[in-house]
Each structure stands twice: as C-alpha cells, then as structure tokens.
Amino acid sequence: MTNHARLASFHSLLSSQGQVALQAAERLQPVESDFLAHFQRLNRHFPEDLARVALEIAILRREAGVKFPFASRMYFTRQALEQASAWEVSCYRARRFQGFNRLVDLGCSIGGDTLALAQFAPVVGIDLDPLRLAMAQANLHALEGLAHCEWLQADLPQPLPLAAGSAAGNQMALFFDPARRTQERRLHSTRQYHPPLATLLQWNILADNTGFPPLGVKISPAVDLDELAGYDAELEFISLKGELKEAVLWFGALKTTACRASLLPGGHTLAATAAELQQLAASPALLSPPRQWIFEPDPAILRAGLVRLLVQQLDAAQLDADIAYLTSHSFPASPFGRAWQVEDWLPFNLKKLRSYLRTRGVGRLVIKKRGSPLEPHVLLKQLRLQGELEKTLFLTHLQGSPIVIIAQPV
C-alpha cells in the first residue's frame, strides 16, 4: 500500500464508520498471529482497506499498553510504536524542559514525546511523514488539559523552519528524536540514524555561533561512546524497572553535568562531572574477596561508567576491576541496584560445587554471571540438583580467577 493510500485509509478510520470498524476490531481482542482470521471476519462488514487499518490499530493498541497508560485511545504504526519511549520515560525527560515558553519536537512521529512535552509548554511537532503527523494530531485528543500543539511537515536534514539563532536564548528549547531502526534492524551508530546525529550541526538555529541551544537528543543506549567525543553535551542513561531503555544527550542550558544514570520509576539519579570521571578513571580499583553482601548495579549505572562512584558511596569494593559486582560488609541500602546476602563462596570446580549444593539440599538455582564463559542452562544440567531449597548462584571472577558465590536475595 502506498503512503498516500495509507494516509487515506487512516482518515477513513477517523470517520464515524471508521470508529465503528475500530470498535468492532477491538472487541475481537486481536493479536498479530491471528491477523488473517480477524481480517476476514471484519471484511464481511467493512471495506477491505478500512477493515485492515482498523485491525492494525486494534492490535497495536493492545501491544502499546505496556508503554502508554492511555494506549486504548491512541493511533500507531508498527515501527513508530517500537521506537516510541515508554510514557514514564517521556514524562521524566520532559520535566527538564520546565521554564521554557516554547518547545519544538524534531522527528515527533506519532507524538508520544510531544504529548509529554506539552504538559509544560506549547509544542511544535515536526516530522516528514504525513501519516505519522496525522496520527500525532489524533493522539493529542488522548490527553486533556495540554498546552497548545502545532504540527509541521518538514525534512529535518534541511535547514529547520525556525529563525536563525532563535533557540539560542532561554525562551525556546528543542527535542530531537532521529529514527534508530529500519524495518529489519536497530541502528546503533549515530551515523546511520535518519537523519544522522551530525545533522544538528547543520541547522540554521546555530547560525549565530553562540553554541548549542537548549537541546535534548534521544539516542540508542548501545551507542558507541567514541562517536560522541566531539559533542559538548551531558550523556544520560535511563532505565525503567531495571531495564536500560535509552540514552539522551543534553546540550546548552539543558546540560547539567558530564554523565548521569537515572532510574525510573523512582527518579533516582547518579551523576559525575568530567573532572570526577577523570579522577575515578585514574584511581586504582578497590578490590576485595566476597564480603557479607553482593550488589549488582542497575544497567544504567554500568552503561554510564559510574560503578566506581557507586563503590565510593556504598563503602564497597569490586570483586574484579573489570567486573561490576560490588561487595560490602554492611547492607548496601541503595536504589541503584539489587543486593544479595552472601552465604558462601568458593573457587569454581564443578564436582565440588555439585557436592556442596547437594549436601545442603539445594534443588533450584537462579544463576547470574559476569565474566564467566559458562552457560547457565548447561551448568544446571551438569549439576543435576536434588533438594527443596532455592539459592542464587553467581558465576564471576575474583581478581581474574573464576569463583562461585552462593547467596540469598533480599
């Protein structure tokens, strides 16, 4: 189906007949695997194109529930939903834009971030895809009481339709979300983004040579850090419920430090300046055998390179300079990771480990590993466990030597 045809089908979905078709599709509680059967059922009562787009939206709304609390009223394309941030993440990011009286969402897609930004100031959403812009406009009705939103179709690699230097002051701020996936795969290099990250250097908003305006850029958390070396920006990694979700570059007045890790939904954050990062990198790692507690930092802490800063805060040590397991004498009461109470540890030896676990009646293991080549499912088969107790087993290194730690979660 051509882009023009898809746009026409979407507009038909917004009609009274289209809404009836959408309600009928939603009553089927459809899933992608049963698309053909559901489509044939809908097509008995509605035109083919209308039945198809209604079914597509109904399926995506069900899937979008994990990202948007109001997904049942929104419109998506498959690719736009996959790239969209979770609403909790968007709202967290949007709070940094408080105090500006105008915001611009560059690459707004179906408007997920636009809606979050609009809680604080009027927003202009810019995208090249007319279908996504139409969906963004429809999605505006999913929330009430928002500031004013405008929608503009433009090609971001071209000079932006903004006055030169207009964002360099404190009145307007921008958010840029380049596409980071094709239909086949995710794109991790900033040079492959659509448009590439370097595009922001060409925009006419920088024409007054005052440096970067207040600007936030969403990037992949798997980004090659070497590609960011030339940008004067804060790099923030964001996790949600223990899962690393995204990274953001903050420029201009939005920059507050050099590197930051933020954990949602609690909003806990750990940050370091460039000088602090250099000092941490130059200091030798504090190492220790397993103590009473073992602590696994949140993945945002790991990706931000703030493990040694956390070691200082917790009065802890690392088991190995290259492995991000921390250990401490006292309970590490911190929101930046998870703790287990160490019951025992020993150098790795399969026979001795099997005997140790059987003697203590351990029949179930949750296996975690860092720095070990062993595959947990293979090790479980080799251990041939018998017993009723469950423990957590860490496969890791102690200053280069393989060890196992038997622990109990808190």
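What follows draws every value from the coordinates through simple rules; no lab data is involved. Quick caveat: nothing in here was measured; it's all calculated off a predicted structure. Glycine gets a Cβ as well: all are built from the backbone with ideal geometry, and neighbour counts include every protein chain shown.
Overview of results
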{"quantity": "In order through the stretch 248-257: 3J(HN,Hα) via Karplus (6.51 cos²θ - 1.76 cosθ + 1.60), integer Hz, x for Gly, Pro", "calculated": "9, 9, 10, 10, x, 5, 7, 6, 10, 6"}
{"quantity": "Positive-end residue, the chain charge dipole about Cα centroid, Cβ charges, pick of Asn101, Val66, Ser12", "calculated": "Val66"}
{"quantity": "Convex hull of the stretch 265-371 built on C-alpha atoms - directionally averaged projected area, nm²", "calculated": "8.0"}
{"quantity": "Antiparallel DSSP beta bridges within the chain, percent to nearest 5", "calculated": "60"}
{"quantity": "Proxy reagent accessibility, fewest Cβ within 10 Å first, across Cys259, Cys108", "calculated": "Cys259, Cys108"}
{"quantity": "Cut-off under 5 Å, modelled amide H: who pairs with Asp320 long-range", "calculated": "Tyr325, Gln399"}
{"quantity": "Rounded FRET efficiency, nearest 0.05, which uses the C-beta distance separating Gln17 from Ala222 and R0 of 41 Å", "calculated": "0.40"}
{"quantity": "Computed Rg/Rh of the stretch 81-256, alpha carbon atoms with Kirkwood Rh", "calculated": "0.93"}
{"quantity": "Distance from the stretch 232-246 to the stretch 313-330 (C-alpha centre basis), Å", "calculated": "22"}
{"quantity": "Fewest-first sequence of Val307, Val366 by Cβ atoms within 10 Å of each Cβ", "calculated": "Val366, Val307"}
{"quantity": "Amide N of the stretch 370-388 lying under 18 Å from the label point, which is placed 7 angstrom from the Cα of Ser355 along Cα→Cβ", "calculated": "382-386"}
{"quantity": "Stretch gain in nm, segment Ser33-Arg191, where the contour uses 0.36 nm per residue and the Cα spacing is subtracted", "calculated": "53.4 nm"}
{"quantity": "Nearest 10 degrees, 0 to 90: helix 48-64 Cα axis against the chain principal axis", "calculated": "30"}
{"quantity": "The chain - mean residue ellipticity at 222 nm from DSSP helices (-39,500 (n - 2.57) per run, n ≥ 4, rounded to 500)", "calculated": "-8000 deg cm²/dmol"}
{"quantity": "Shape metrics for the chain, restricted to C-alpha atoms - Rg then Dmax, Å", "calculated": "25.4, 75"}
{"quantity": "Contour minus Cα-Cα distance for Ala8 and Gln292 (0.36 nm per residue)", "calculated": "95.8 nm"}
{"quantity": "Rough spin-label spacing in nm, given labels placed 7 Å along Cα→Cβ, for Phe70 and Val378", "calculated": "5.1"}
{"quantity": "Residues with amide H under 5 Å from that of Phe348, placed H, sequence gap 5 or more", "calculated": "Ile403, Val404"}
{"quantity": "Pairs from Lys351/Lys391; Lys67/Lys245; Lys241/Lys381; Lys67/Lys369; Lys245/Lys381 whose Cα-Cα separation, in the structure shown, is over 23 Å", "calculated": "Lys241/Lys381; Lys67/Lys369; Lys245/Lys381"}
{"quantity": "From phi via Karplus (6.51, -1.76, 1.60), per-residue ³J(HN,Hα) for the stretch 386-394 in Hz, x at Gly/Pro", "calculated": "9, x, 9, 7, 10, 9, 9, 10, 9"}
